[in-house]
Structure formats: C-alpha cells, structure tokens
1. Search region 146-168 for residues being assigned to a loop (DSSP other than H, G, I, E, B) and in contact with a Gly (Cβ under 8 Å, 6 or more places away or on another chain), and hand back the single one that is modelled with the highest pLDDT.
2. Would you pick out the residues in region 59-90 that are within 9 Å of the ligand (Cβ to nearest atom) and not in a helix (DSSP H, G or I)?
3. How many residues are open to solvent by 20 Å² or more (accessible area, probe 1.4 Å), assigned to a helix (DSSP H, G or I) and more than 20 Å from ASP170 (Cβ to Cβ) if we restrict to region 15-48?
4. Can you tell me which residue among ARG167, ARG201 is basic (Lys, Arg), within 16 Å of the ligand (Cβ to nearest atom) and open to solvent by 60 Å² or more (accessible area, probe 1.4 Å)?
5. Conditions: (1) surrounded by fewer than 14 Cβ atoms within 10 Å (Cβ to Cβ); (2) touching a residue at least 12 places away in the same chain (Cβ under 8 Å). VAL90 meets all but one. Number of the miss?
6. Checking THR51 against (1) surrounded by 15 or more Cβ atoms within 10 Å (Cβ to Cβ); (2) within 15 Å of the ligand (Cβ to nearest atom), which test does it fail?
7. Could you figure out which of (1) in a helix (DSSP H, G or I); (2) within 21 Å of PRO95 (Cα to Cα); (3) free of Cβ contacts under 8 Å to residues at least 12 places away in the same chain; (4) open to solvent by 50 Å² or more (accessible area, probe 1.4 Å) isn't true of GLY191?
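The values are calculated or read from the model by the stated rules, or taken from the named source; none is laboratory data. Keep in mind the model is a prediction, meaning the values are calculated, not measured. For neighbour counting, all protein chains shown are included, and Cβ atoms are generated from backbone atoms with ideal geometry for every residue, glycine included. The accessibility values were calculated without ligands, DNA or RNA, using every heavy atom of the protein model including side chains. Shrake-Rupley method; radii C 1.70, N 1.55, O 1.52, S 1.80 Å.
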Amino acid sequence: MRETNGGGGVLVLLGSPGVGKGTQGVRLGQDLGWAHVSTGDLLRAALGERTVLGVKAGKYMDAGELVPDHLIVDLVREHLATMPAGRGVVFDGFPRTVPQAEALDRVLAGAGRTVNRVCLLEAPEEILVKRISGRRASPNGRVYNIYFDPPLRDGVCDETGEPLIHRADDHPDTVRTRLSVYREVTAPLVGFYEDRGLLARVDGEGGIEQVYGALRAAVGR
Ligand code: AMP
C-alpha cells in the first residue's frame, strides 16, 4: 500500500453488513497500531449517551436505513480531529454512499492525506443473513452467533451469565432492508474506488483467520 500520509495510511473496509468488517477491522487496527473507526460504533455510543445526534440517528438505525450523509460526515470529521495528526486509520462502515466518499476525500485533503487502499470483503448473501440475524452480544462485548458460535446455554453469556442482546437492527426484516440498502446505495462505491485504482477484493466467506490472512495480503503489510 502506497502511503502519502507521513505516518499511517488510510484504509477503507467496504462490504455488505455481516461480512466481517467489524471483526477484521478491530484486529487490523490493533496489529497495525492504527485507529479503527466504525461509524456504527460511534453512532451506537452516541445513542447510548442520548446525545442529539444519537437520538436523531437511532430511528434510522432501528429501521435498517442509512443515517443522513451530513450527520455522518460531521461525526467522522469531529472524530478525526480528536486523533493525533497522521495516525493510521481503518474505516469500517464508512463511507457508505458516494457523497460520503467524496466528503471523506475533502476532509483528508484538508490534512494533506488521502485514501490509500479500499478492501472489499465479499461473501454470499445467505451466509451474511445467518451471520447477522444469528448475532447475539454479551454486555461484556463478547459476540456469539447462534448458528456458527452458540453460547453453551441459549441466550446467556458463557463468561458472565448475563442475558445476550439481539440488536434491533439484526432482526430478520431489518437485515433484509440493510442488505438492499447496501446493494442500492453502497455497492456503487466499488466502481468509485475501482476507477481510482484503490480497490482490492478479499474473499470474506471463510473463517475469521482465513479471511484475516487474505485481508493482510490485500493491505500489503
Ligand atoms: P453498522 O454497525 O456499520 O452495521 O451500522 C449500523 C447502522 O448505523 C447502519 O445500519 C446505519 O443505520 C448506521 N450507519 C453506520 N455507518 C453509517 C454510514 N457511514 N452512513 C449512514 N449510516 C450509517
């Protein structure tokens, strides 16, 4: 990956909901020593704190729809401003529309930076639906999947014994909405970044280790 940013690069993880951007992005950020910036996580934190943005965003999130671009771009701009200049960034779930990608270019250009690589994680839709609708989270952060990685006792965390949470936007109807939003509004970013010579395709169908290996190869470091 070519870097024009002095310190770390700017990497975008692109892909459908459920393809593993979160899992892979956290690990990649840790291994590279870069910030992992997930707009979904930032929005959930804002919602938890009942900020004005969080309350506005919550109704879109629960319906599986995208939060309006201007809210997201402001959120990302403010978040980047809190980070040391030049720190590497792994974006997860952002940008999700062409206008967001254009805004990201402008925000980065203001700091003399640019997107260096975009990794597109790909997997068949039937796997994505099971990965998302089967997802259950413990309040301690551990995430299970009732199909692929179930807890020992239904609905209860193995580590803490607390009830597991099924995110409102992980319910089957909302999952279908999220996948169709991805196809219609986010998938055009594939061409956007391909035209700029930044896109690398990564097979996201295998297990976590296998996908991570393919991702590291695509990142080129
Ligand atoms: P995620 O955890 O990335 O699947 O995001 C959860 C939800 O947050 C999405 O379904 C959207 O409602 C909202 N969201 C996250 N990132 C964005 C974004 N870049 N643009 C618009 N909405 C977003």
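1. Let us first name the residues in region 146-168 that are assigned to a loop (DSSP other than H, G, I, E, B), namely 146-148, 150-155, 157-162, 164, 166-167.
After this cut, where a residue has to be in contact with a Gly (Cβ under 8 Å, 6 or more places away or on another chain) as well, the list is 146-148, 164.
Numbers: ILE146: 94, TYR147: 91, PHE148: 89, LEU164: 97.
So the residue we want is LEU164.
2. GLY64, GLU65, LEU66, VAL67, PRO68
3. Qualifying residue count for the region: 4.
4. Values: ARG201 fails: within 16 Å of the ligand (Cβ to nearest atom).
The match here is ARG167.
5. Failing condition for VAL90: (1).
6. Result: THR51 fails condition (1) only.
7. (4)
Rundown of residues vs (1) within 14 Å of the ligand (Cβ to nearest atom); (2) of a type in the set (Gly, Ala, Ser); (3) in contact with a strand residue (DSSP E or B) (Cβ under 7 Å, 6 or more places away or on another chain), yes/no style:
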residue	(1), (2), (3)
GLY110	no, yes, no
ASP154	no, no, no
PRO172	no, no, no
TYR182	yes, no, no
